[in-house]
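The values are calculated or read from the model by the stated rules, or taken from the named source; none is laboratory data. Note that the coordinates shown come from a computational prediction; the quantities given were computed from them, not determined experimentally. Here the Cβ is made from the backbone with ideal geometry for all residues, glycine too, and neighbour counts use every protein chain on show. Note: accessible area is taken over every heavy atom of the protein model, side chains too, but ligands, DNA and RNA are not part of it. Shrake-Rupley method; radii C 1.70, N 1.55, O 1.52, S 1.80 Å.
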Amino acid sequence: MEIDGNTQLVGIIGHGIHYTLSPAMHNAAFRALGMNWVYVPLRVAPGKVTAALRGLPALDFRGANVTLPHKLEAARLSDELRGDAEVLGAVNTLVVEEGRLVGHNTDPVGFLGLLREVGAEVGGRAVALIGAGGAARSVALAVMREGARIIYVLNRTESRAHELRERLKGVDASTEIRVEKLDKEGARVLRECHLVVNCTPLSGEEGEELPLDYADLSGGKWAIDLKYGGVSPFLRRAAERGARVVDGGEMLVHQAAASFTLWTGIAAPLEAMRQAYREAVRRRGGMEAER
Ligand code: NDP
């Protein structure tokens, strides 16, 4: 891919983004379709987000992804929020439209893509989320859309779980959202859940244990860890009890594909993006966490 005077620009705005696999996925997509576009890392320190976002239209960027810790600030600074960005109050994709910043959030669509890819069905079922941060909000919204009957939210900081509930409870009244303590007692609810999602950076290994009884994941339940690139100790221990386990890689690929379409207006070459993701993970040789 040769960069010239007509190359269209997109990128990822974040702080400490040395880990990001997004350039690998998006540039592979542009190559696969022969598009004169490039995706670059845009390292933006806290305090510089306003200047960086205002710079996007000024530099004729077509848009950008936004990652930690800037997703909430990007929502505040957007000229308009659309779809899930408005529901979540967080932006992971900006599109420059006639000089204005339009904020979107493709993380819920990314999680839906993962569910469909692996064939996990949550309609009418109970789901448990461990964690209540930004990713948990996106997962909660996705499983609501899929018709989950009840979502249990277990979080170290209980007030944050209540905030998640307050933000999302109006989206679909047919899904109940219930807050439980993140301890062995609270985690008993996992027994009745069809799907359990680890939305924390905790791996489940010694020193990073999740306070749950893995026996409660037996019987063909789904266990998903949002971290990607392999089988975390959480997933390994769930699999030993007979759970079907999945890492967060497909969520990453599908949220990237949805961002690609927002910028370009065309369907993303999903397989090329997936291959680029897998190669990058192989090169890196282990689990990583992308936000
Ligand atoms: P946030 O910082 O918004 O939330 C982190 C969550 O983890 C909070 O609920 C926090 O609890 C909890 N947590 C952190 N440390 C501990 C601990 N020591 N003990 C108990 N709970 C803890 O992060 P995100 O929601 O954005 O990301 C969460 C995970 O999901 C990360 O691993 C991230 O990489 C991954 N992710 C993967 C994506 C993908 O595409 N595959 C997309 C987005 C995220 P508390 O509220 O008490 O602080």
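Details
- Whole-number percent relative contact order across the chain, with pairs defined as alpha carbons under 8 Å at least 6 apart: 17 percent
- Antiparallel bridges, percent of DSSP beta bridges restricted to the chain (to nearest 5): 20 percent
- Based on protein heavy atoms only, region 162-226 ends up with 49 Å² per residue of surface accessible to a 1.4 Å probe.
- Computed over the chain with a Gaussian network model linking Cα atoms closer than 10 Å, the most mobile of GLY47, GLY55, GLY219 is GLY47.
- Per residue, region 5-156 exposes 38 Å² of solvent-accessible protein surface, assessed with a 1.4 angstrom probe and all protein chains in place.
- Each Lys or Arg adds one and each Asp or Glu takes one away; over the other residues whose Cβ falls under 13 Å from the Cβ of PRO46, this sums to +2.
- Relative contact order for region 108-247: 21 percent, from Cα pairs under 8 Å spaced at least 6 residues apart, divided by residue count.
- Charges were assigned to the Cβ only: +1 to each Lys and Arg, -1 to each Asp and Glu. The resulting dipole of region 1-159 about its Cα centre is roughly 400 debye.
- Of the beta bridges in region 94-202, as assigned by DSSP with both residues counted there, near 20 percent are antiparallel.
- Stretching the chain fully between ASN6 and ARG178 yields a gain of 56.8 nm (0.36 nm per residue, less the alpha carbon separation).
- Charge dipole (debye, nearest 20) of the chain; +1 at Cβ of Lys and Arg, -1 at Cβ of Asp and Glu: 160 debye
- Using alpha carbons only, the radius of gyration of the chain set against its Kirkwood radius gives Rg/Rh = 0.97.
- Among ALA132, ALA280, ALA142: highest mean-square fluctuation, GNM of the chain, C-alpha pairs under 10 Å: ALA280
- Remark on region 139-291: Rg and Dmax equal 16.7, 48 Å (Cα only).
- Value of relative contact order over region 1-41, rounded to a whole percent, pairs C-alpha under 8 Å and six or more apart: 58 percent
- Three-way shape label, region 146-196, alpha-carbon gyration tensor, a/c 1.5: oblate
- Label separation (ARG188 vs ALA239): 3.1 nm, computed from points 7 Å beyond Cα along the C-beta direction.
- Largest GNM mean-square fluctuation across HIS162, HIS104, HIS26, computed for the chain with C-alpha springs under 10 Å, falls on HIS162.
- Förster radius 30 Å - calculated FRET efficiency between ARG282 and GLU208 (Cβ-Cβ, nearest 0.05): 0.80
- Carbon plus sulfur fraction of accessible area for the chain, probe 1.4 Å, in percent: 48 percent
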